[in-house]
Structure formats: C-alpha cells, structure tokens
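The values are calculated or read from the model by the stated rules, or taken from the named source; none is laboratory data. Bear in mind that the values here come from a model prediction, so they are computed numbers and not experimental data. Heads up, the Cβs are rebuilt from the backbone with ideal geometry, glycines too, and the neighbour counts pull from every protein chain shown.
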C-alpha cells in the first residue's frame, strides 16, 4: 500500500513536470527508508497547463530525496529534499499557425479539465458515502501531509528574452539558496492548531541587461552555467540576497471563529532590512 501511495504521488505531481521518471524500483528504495531521484530534466511542455505566454527553454532538478519513516509513516514526518532546481523560460516564439497542433492542444486542455471534474465528482461521492475505509484513509493521508517537512536548496528561476531586442538580450532571475518548511522545534502537531516554520536564506531578484543567453547552451553545459550564474555577485540586483523567517499558524477547527483576536490563519514574519533598486538601464531595457 505504501509503495502504491508513493508511486501515485510521484507520477501525479512530478510526472507531468519531469521526464524519464521511473518508479519501478520503489519497493527496494522504500525498504531502505528513502527514495532518491537524480538528474531529472523538466518537460518542455511543463507550463502548458497554466496557459502562460512562456515556454521552457531548459530545466532540470539535480536531486530529489523522499525520506519515509517506514515503521511509523502516520506519525513521524516525511522529509522531502530537493537540490539544484534550475529553470530557464522565455517568450513563446511567433511561428506560423499550425491548425493541427492547435487542435491537439485544445483536446489536451479539455481532457485535463474533464479529468479534474471527474476526480472532484468521485471525491464528493466518496465523502457522502462516509465509509469507514474512506474516513480512515483520508485521516491517515491528512496526518502525513500535515507532518511533511520540506528542504529545497539552490533554486534558480531565470527568464531570458533575446527575441524582443536581439541586440540587447536581458535576463530576469530569482535565486533562493535554501528554503525549508518544518514543524517548529519538532513539536507534535496539535489537535486544532497546525504550525509550519518557514526559513528562507539568500532570496534575491536580479535584472541583467545585455546578458548572456544560457538557454542556448548545449544541454550538458547548462547545469554548470546556471550554478555559476547563481553564485555570481555581479548581477544588477532588484533585491539583494536577504533572509527571512515565517511562522504560519492555521486553526483547523470546524466551528466558526467568533473571537476577533483568534484568526483562522496567522503569520509571524521576521525579515532582514531590504531595499528595492531599479536602475535607468533596467527601465529602458
């Protein structure tokens, strides 16, 4: 059952974004208490379902690790670790109209919408049935989700445009050295109060004019180029690297919250001093 649940999660939430996802060896990995996936290329159509005027030029995930508490999966936290998340996107190039491709994309969009409606209908039917199996399964899944801990290192999201002005390409990027979401002090999740401690290290935003176009490099060179670009401090920063800490609290009581001083969702933010910088060169770009 655990193997099937993990395979379903990976295929459902990762399969539509990454290529070459193989879950055949999950049974062996689960016995070791961890599932590791390395060098996962992002699909070129990963953004299609969002209907954005962008396309993926290049992208990959260096490593994903899922640590599973094999003996107590319902009470101990599942730890998801990810490193080297790199994504390069750019504006969709204007091309000649392809009627067949347009119809195929429209069919895929309708298929996704129909599947979402069917899943919602099935879920509502199961909830109305209130079977013991459904209640027990839903409760177990809820506890697992609430106890998930997340660690993401070296995130670099980059938008490159050498189409609007080929003589002066520019790049807009977001970098995060480390992002973590954990239960505060490893405390047991309370009955009606759910808490998550978010830690963000070295969050920065840059806008480089007359920039190199990394998305056109050979596939085997993009990973190193993105890493070097992230570590560089010569960017034209809009936000220089800054750290932040956020404590999120959510009251899950089914009863209405009648007291004004008791919010449904509460966030305590600690943020280092930060400044916004936008040069004339960036504005003219």
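When residue 249 is evaluated against the numbered criteria (1) out of contact with any strand residue (DSSP E or B) (no Cβ under 8 Å at 6 or more places or on another chain); (2) more than 30 Å from residue 38 (Cβ to Cβ); (3) surrounded by 14 or more Cβ atoms within 10 Å (Cβ to Cβ), which criterion, by number, is the only one it fails?
Among (1) out of contact with any strand residue (DSSP E or B) (no Cβ under 8 Å at 6 or more places or on another chain); (2) more than 30 Å from residue 38 (Cβ to Cβ); (3) surrounded by 14 or more Cβ atoms within 10 Å (Cβ to Cβ), the lone unmet condition for residue 249 is (1).
Could you tell me which residue of region 57-77 is modelled with the lowest pLDDT, considering only residues that are over 15 Å from the mean Cα position of the chain (by Cα) and closer than 24 Å to residue 19 by Cα? Talk me through it step by step, then tell me what you get.
Here is the first cut: in region 57-77, the residues over 15 Å from the mean Cα position of the chain (by Cα) are 57-58, 67-77.
From what's left, closer than 24 Å to residue 19 by Cα: 57-58, 67-68.
Working: 57: 90, 58: 90, 67: 82, 68: 77.
Residue satisfying both the conditions and the ranking: 68.
Select from region 217-243 the residues that are surrounded by 15 or more Cβ atoms within 10 Å (Cβ to Cβ) and not in a helix (DSSP H, G or I) and list them in ascending order.
Listed by number, the residues that qualify are 217, 235, 236, 237, 238, 239, 240, 241, 242, 243.
What pairs come up if the first residue lies in region 141-155 and is more than 14 Å from residue 202 (Cα to Cα), the second is modelled with pLDDT under 75, and their beta carbons are under 6 Å apart, counting only those six or more places apart or on different chains?
143/74; 146/189
Filter region 246-257 for residues that are in contact (Cβ under 8 Å) with a residue 12 or more places away in the chain and assigned to a loop (DSSP other than H, G, I, E, B) and give the result.
Applying the first criterion (in contact (Cβ under 8 Å) with a residue 12 or more places away in the chain) to region 246-257 yields 246-253.
252, 253, listed by residue number.
Looking at region 185-201, is at least one residue at pLDDT 90 or above, within 21 Å of residue 59 (Cα to Cα) and buried (at least 16 other Cβ atoms within 10 Å of the Cβ)?
Looking only at region 185-201, we keep the residues that are at pLDDT 90 or above, and these are 198-201.
Checking the rest, the ones that are also within 21 Å of residue 59 (Cα to Cα) come to none.
No: zero hits.
Could you please find all residues in region 22-48 being under 19 Å from residue 60 (Cβ atoms), surrounded by 12 or more Cβ atoms within 10 Å (Cβ to Cβ) and modelled with pLDDT under 70?
Hit for region 22-48 is 23, nothing else.
Does any residue of region 112-131 turn out to be at pLDDT below 75, touching a strand residue (DSSP E or B) at 6+ places or on another chain (Cβ under 9 Å), surrounded by 14 or more Cβ atoms within 10 Å (Cβ to Cβ) and not in a strand (DSSP E or B)?
Scanning region 112-131, I find no residue that is at pLDDT below 75, touching a strand residue (DSSP E or B) at 6+ places or on another chain (Cβ under 9 Å), surrounded by 14 or more Cβ atoms within 10 Å (Cβ to Cβ) and not in a strand (DSSP E or B), so the answer is no.
Out of all the residues in region 258-281, is one or more crowded, with 16+ Cβ neighbours inside 10 Å, out of contact with any helix residue (DSSP H, G or I) (no Cβ under 7 Å at 6 or more places or on another chain), touching a residue at least 60 places away in the same chain (Cβ under 8 Å) and closer than 30 Å to residue 167 by Cα?
Within region 258-281, the first condition is being crowded, with 16+ Cβ neighbours inside 10 Å, and the residues that meet it are none.
Checked region 258-281: no residue is crowded, with 16+ Cβ neighbours inside 10 Å, out of contact with any helix residue (DSSP H, G or I) (no Cβ under 7 Å at 6 or more places or on another chain), touching a residue at least 60 places away in the same chain (Cβ under 8 Å) and closer than 30 Å to residue 167 by Cα.
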